[in-house]
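Everything on this sheet refers to the single structure shown next.
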Amino acid sequence: MNDTYGNNSTGKNKKVLVTGGAGFIAHHLIYHILKTTDWEIISLDRLDYSGNLNRLDNILSSLNHKDRARVKIVFHDLKSELNPWIRKEIGEVNIILHLAAGSHVDRSIEFPIEFVMDNVLGTANILEYARHINSKNDSLEKFVYFSTDEVFGPAPVGINYKENDRYNSTNPYSATKAGGEELAVAYENTYNLPLIITHTMNVFGERQHPEKFIPMCIKKIRDGETVTIHSDKTKKIPGSRHYIHAEDVSEAILFLLNSKIKPEDDWGGAKCPKFNIVGAEELTNLELAEIIAKSQNKKLNYAMVDFHSSRPGHDLRYSLSGKKMKELGWIPKIKIHTRIKQVVEWSLNNSSWIEL
């Protein structure tokens, strides 16, 4: 255990509430907390489309009994308020990490109201819970709202959006994440909640949903199938992203929770600190697929497809600036090529996770 992340001022272990705990990023975060702290964790999840309890079972089975016992699972759908029974089940918490969200662009285009309910109303309900415990005993040290690079919209070549740049949501998913983010800002301004907001780019890693690009590529390349590459109208320029492993995201979150965050320059009176958590290297989707193919010693069969024209809401390039986190002292420690090879190898050895 890393002693950097220790107990709270009362001498008791900190208790962390992770919403969407059975989700992809959240389960990696839970595992990282268990490995590097002595904190207790409450995972709050409704276990639907993106939540998979097998993720938690998979990581917990690799730990000893004492560490497994630090995790408590509570079932709840955040479209409903946290009633007294659920609040009792959760108990007193010191940190809230809000990751529960609908996160698939295609599904948001098809079912936009579902995403409004999950990402806006769900966020309002967890913020209300945070307001309740904060006003009751002042035990809440930090509330982290996980947002996305997509709230900024497409990034022209050469542009890397900073934390306080304007938003330009181009699909219902990003719009609802921006809506939840603005609610979080409002709760800090109105109720003085100890909030921070993070924007992450394309996160990948072990146990990701098979519909996502990297696990889908791993499977299709393994099976000799054609990989679809998101491109521009000419079908010559592929889309690009700053991919980042979920373990790196988890490390960045613990870094922020352990940092003394100083007041920033005045952005029109804005108080809520925001941080971009960004992969160190930008890759096109074609370059990424080529790395995955090379990792398997397989040939890449691919087709360039103009997704944006056929499916509005799919942007060619997203890009965030990682300068702020770098100046604070954090960057991903492991190179992206190594991370991708790590995930390819794991996925091939645990093939049930890349099968739909």
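Using the Cβ-Cβ distance between K341 and K136 with R0 set to 45 Å, the FRET efficiency works out to roughly 0.40. Computed from the Kirkwood radius of its Cα pairs, the Stokes-Einstein diffusion coefficient for segment 36-152 at 20 °C and 1.002 mPa s stands at 136 µm²/s. Assuming charge only on the beta carbon of Lys and Arg (+1) and of Asp and Glu (-1), the dipole of the chain about its Cα centre is about 660 debye to the nearest 20.
Rolling a 1.4 Å probe over the protein heavy atoms of segment 213-356, with every protein chain left in place, gives an accessible area that is 51 percent carbon and sulfur.
If the Kirkwood radius is taken over C-alpha pairs of the chain, then at 25 °C and 0.890 mPa s the Stokes-Einstein diffusion coefficient equals 117 µm²/s. Computed over protein heavy atoms with a 1.4 Å probe, the carbon and sulfur contribution to the accessible area of segment 59-123 reaches 58%. Taking each of K298/K333; K142/K271; K219/K298; K177/K274; K66/K142; K212/K341 in turn, the alpha-carbon distance tops 20 angstrom for K298/K333; K66/K142.
Given a 1.4 Å probe and the protein chains as shown, K35 ends up with an accessible area of around 90 Å². Normalised per residue, the accessible area of the chain is 46 Å², obtained with a 1.4 Å probe and no contribution from ligands, DNA or RNA. Per-peptide packing, taken as the mean over residues of other Cβ atoms within 10 Å, places 240-252, 130-142 in the sequence 240-252, 130-142 from highest down.
Of the chymotrypsin sites (Phe, Trp or Tyr not before Pro) found in segment 24-62, those in coil by DSSP whose Cβ has at most 16 other Cβ atoms within 10 Å are Y49.
The values are calculated or read from the model by the stated rules, or taken from the named source; none is laboratory data. Since this is a predicted model, take the numbers as computed values, not measurements. Glycine also receives a Cβ, built like all others from the backbone with ideal geometry; neighbour counts cover every protein chain displayed. We work out accessible area using only protein heavy atoms, side chains counted, and drop any ligands, DNA or RNA first. Shrake-Rupley method; radii C 1.70, N 1.55, O 1.52, S 1.80 Å.
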